Every structure is written in C-alpha cells, then in structure tokens.
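The block underneath contains the structure these notes are about, expressed in structure tokens.
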Amino acid sequence: VEILGGRLTFKVLSDETGGAYAIIEQTVPPGHGPPLHVHRKETEIFYVAAGTFELQCGEEIHRLNAGSLFVGPRDIPHRFENVGETPGRLVLTVFPGRFANYFLEVAEVPADDEQQMVALLAKYEVELVEGD
C-alpha cells in the first residue's frame, strides 16, 4: 500500500500469526516519516535495511544506518525520518500485530479527511504528541 509518500509491503500479516506480530517493509522517501506519536498497545522493532534514519524515542535521538536495529517500547513517544538523500527501507515488526491493520485502513482514507485519520488513530490507540 502507498502511505505518507512511501510504500509498505506486508511480509507477515497479523492474521497469519494469530495476532502475535506483523512484519512490514517500508520504503521511505528522503525527508519523510511520521510525526512524534505514541502507541499504547504495541512495541515496535525497527531494522534499517537501507539508508540513514533519525529516530527519536522519548528524549533520545539516534542516527541509524543500514544494519541498525532499534526497539521502540509501547508508551514511549517516537518518530523517525529518512535523513539520507535516497529512499530508505525499514523492516518494522509490531507486537502485537493488530496495529499493522491501521496501515491497510489509512491507505483508503482521502489525504484531506483529517476527521477520519484522527478516528483511525483513536481506534488503534495511537496518540500524536505535540511539539514535534
């Protein structure tokens, strides 16, 4: 699916693991990434397959290159951005896997439908954090 200027490929769907986890490969254009947000239910593991990313987790900011692995615990605000000059690739593992369904749903929402976007975030217990 296409989302936030990039492409997501589902490697393992949540339904295939009984909801235990999901694995998603994400291609992220330079300068792109989600705003600071917090998951109330999921822990995420980010593996940088290609490129250079800046990842903020809580107050800490990390620069991650290809081959780097980072664990983003639930309840800790985080964001990432491709700070390289070429598209980067992340492999994201989400525990439990239900949140991966968010991407399938949000890909169907018109970009200008802020109300529906906010409703989806609430459905998946994800909160945007002010001050990004």
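Assorted remarks:
Listed here are the residues, each with its yes/no results for (1) under 19 Å from HIS32 (Cα atoms); (2) of a type in the set (Ser, Thr, Tyr).
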site: THR43; (1), (2): no, yes
site: VAL48; (1), (2): yes, no
site: CYS57; (1), (2): yes, no
site: LEU64; (1), (2): yes, no
site: VAL71; (1), (2): no, no
site: ARG74; (1), (2): no, no
site: PHE95; (1), (2): no, no
site: VAL106; (1), (2): yes, no
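- Contacts under 9 angstrom Cβ, first residue in the stretch 34-51 being closer than 15 Å to PHE99 by Cα, partner crowded, with 21+ Cβ neighbours inside 10 Å and among the small types (Gly, Ala, Ser), 6 or more apart: HIS39/GLY72; GLU42/GLY72; GLU42/GLY97; THR43/GLY72; GLU44/GLY72; ILE45/GLY72; PHE46/GLY72
- Flag for VAL38 being touching a helix residue (DSSP H, G or I) at 6+ places or on another chain (Cβ under 7 Å), closer than 24 Å to TYR124 by Cα and not acidic (Asp, Glu): no
- Condition check for GLU25 on (1) touching a helix residue (DSSP H, G or I) at 6+ places or on another chain (Cβ under 8 Å); (2) more than 20 Å from GLU125 (Cα to Cα): one failure, at (1).
- Answer residue from the stretch 52-73, given it is in contact with an Asp or Glu (Cβ under 7 Å, 6 or more places away or on another chain) and in contact (Cβ under 8 Å) with a residue 24 or more places away in the chain and is nearest to GLY6 (Cα to Cα) among those: PHE53
- In the stretch 24-48, of all residues being more than 16 Å from GLU81 (Cβ to Cβ) and in contact with a Leu (Cβ under 8 Å, 6 or more places away or on another chain), the one that is surrounded by the most Cβ atoms within 10 Å (Cβ to Cβ) corresponds to ILE24.
- The set of residues in the stretch 94-111 being over 12 Å from the mean Cα position of the chain (by Cα), outside any strand (DSSP E or B), surrounded by 13 or more Cβ atoms within 10 Å (Cβ to Cβ) and hydrophobic (A, V, I, L, M, F, W, C) consists of LEU104, VAL106, VAL109.
- Test: residue in the stretch 75-88 that is at pLDDT below 95, of a type in the set (S, T, N, Q) and within 18 Å of GLN26 (Cβ to Cβ): no
- Criterion (farther than 15 Å from LEU8 by Cα, more than 15 Å from the chain's Cα centre (by Cα) and buried (at least 16 other Cβ atoms within 10 Å of the Cβ)) met by exactly one of GLY84, GLY72: GLY84
The values are calculated or read from the model by the stated rules, or taken from the named source; none is laboratory data. In this text the structure is predicted, and so the values were computed from the model without any measurement. So basically every Cβ, Gly included, is an ideal-geometry build from the backbone, and we count neighbours across all protein chains shown.
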